[in-house]
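Data first, discussion second: the structure below is written as structure tokens.
No lab work stands behind these numbers, since they all come straight from the coordinates. Because the structure is predicted, anything quoted here is derived from the model rather than measured. We place every Cβ from the backbone using ideal geometry, glycine too, and count neighbours over all the protein chains shown.
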Amino acid sequence: MKFVFLGPPGAGKGTLAVRMTELLNAPHVSTGNIFREAIAAANPLGLKVKAIIDAGKLVDDGTTIQLVRERLTQSDVKDSYILDGFPRTIAQAEALAGFSNIDRVINFDAPDDVVIERLSGRLVCRKCGFNWHKTFNPPEKSGVCDKCGGEIYTREDDKAEAVKKRLDVYREQTAPLIEYYRKKDLMIDIDARPDVDSIVENLKKLLRL
Ligand code: AP5
Ligand code: MG
């Protein structure tokens with residue numbers, strides 16, 4: 001099955017995608033991760049998007065749609081995927097409908113105070129991209145990823161000013177997708193406030209896994 005994970009920044013889309021990818025037998029495709037890898041590699045895409053992402057704004061639709069269109073031509077995602085962070089605008093959703101048929105949209109619902117607390121404590125592994133959290137899921141040894149030994153850092157766009165911008169952008173450009181997909185009868189709403197294990201259990205029930 002082909003899934004879209006939708007929700008505000010910090011709702012836990014990436015964390016839940018990592019947990020659900022095996023259960024759903026669906027590769028995790030995160031546009032944010034692809035952009036961050038390009039930035040780390042300092043390749044032309046990375047150089048183009050770095051300042052935009054650091055400021056908490058959206059990369060232009062043309063660049064993002066092209067990136068996802070190409071990624072979805074690969075054989076591993078022919079029958080199933082979890083799209084995390086795409087689409088984020090109505091234009092992206094309409095483009096996606098032109099090149100792939102999604103089965104379900106999971107709407108991760110969490111209020112601003114919850115997502116701000118999650119983003120302000122997030123720690124990311126530079127090597128494997130795993131999302132740790134200072135309070136909710138700290139690595140055993142400060143600054144080092146338990147999973148791969150990589151260095152841990154704080155995302156530039158998790159600083160207070162960029163978080164505020166990302167929440168504004170979400171409300172203006174991404175939240176309209178909730179109604180868009182509800183009308184198409186693809187939407188499953190999930191309360192994203194509980195701990196990760198509870199959300200996994202709730203998702204399993206909702207998806208009859
Ligand atoms: P992206 O990387 O997609 O960022 P985002 O949507 O803002 O979402 P986040 O990754 O911040 O949050 P998340 O929901 O994945 O939460 P996480 O699981 O990490 O995009 C970054 C940027 O790239 C964008 O701002 C934009 O510039 C650009 N971009 C990407 N896609 C684009 C597109 N389609 N169009 C245009 N531009 C695009 O969890 C957060 C923290 O909380 C973690 O520390 C985690 O450990 C913790 N946590 C998670 N769940 C729980 C829980 N249940 N309980 C307690 N703690 C939890
Ligand atoms: Mg994420």
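Amide hydrogen proximity for K2: with H placed 1.01 Å from N in the peptide plane, the residues at 5 or more positions away or on another chain lying under 5 Å are Y81, D103, R104. Residue by residue, segment 47-60 carries 3J(HN,Hα) couplings of 5, 5, 9, 4, 5, 5, 5, 4, 7, x, 8, 8, 5, 4 Hz when phi is fed to the Karplus relation 6.51 cos²θ - 1.76 cosθ + 1.60 (θ = phi - 60°); x denotes Gly or Pro.
The phi-based Karplus calculation (6.51 cos²θ - 1.76 cosθ + 1.60; θ = phi - 60°) puts the 3J(HN,Hα) values of segment 149-160 at x, x, 7, 9, 9, 9, 4, 4, 7, 9, 6, 3 Hz, whole numbers, x for Gly and Pro.
For the chain, the antiparallel share of DSSP beta bridges with both residues in that region comes to about 30%. At q = 0.10, 0.20, 0.24 Å⁻¹ the log10 of I(q)/I(0) for segment 104-180 amounts to -0.30, -0.92, -1.08, computed by Debye summation with a single uniform scatterer per C-alpha, solvent ignored. If the Kirkwood radius is taken over C-alpha pairs of the chain, then at 10 °C and 1.306 mPa s the Stokes-Einstein diffusion coefficient equals 91 µm²/s. Under the criterion of Cα pairs below 8 Å and six or more residues apart, the relative contact order for the chain equals 30 percent. In order along segment 14-30, the phi-based Karplus estimate (6.51 cos²θ - 1.76 cosθ + 1.60, θ = phi - 60°) of 3J(HN,Hα) comes to x, 4, 6, 5, 4, 6, 8, 4, 6, 4, 8, 6, 9, x, 8, 10, 10 Hz; Gly and Pro are listed as x.
Taking amide H positions as modeled 1.01 Å from N, with prolines and chain starts lacking one, the residues under 5 Å from G85 and 5 or more places away or on another chain are F5.
Compared with the alpha-carbon gap, the fully stretched path from A55 to N202 is longer by 49.5 nm at 0.36 nm per residue.
Label positions at K78 and D189, each projected 7 Å from the Cα along the C-beta direction, are separated by 3.8 nm.
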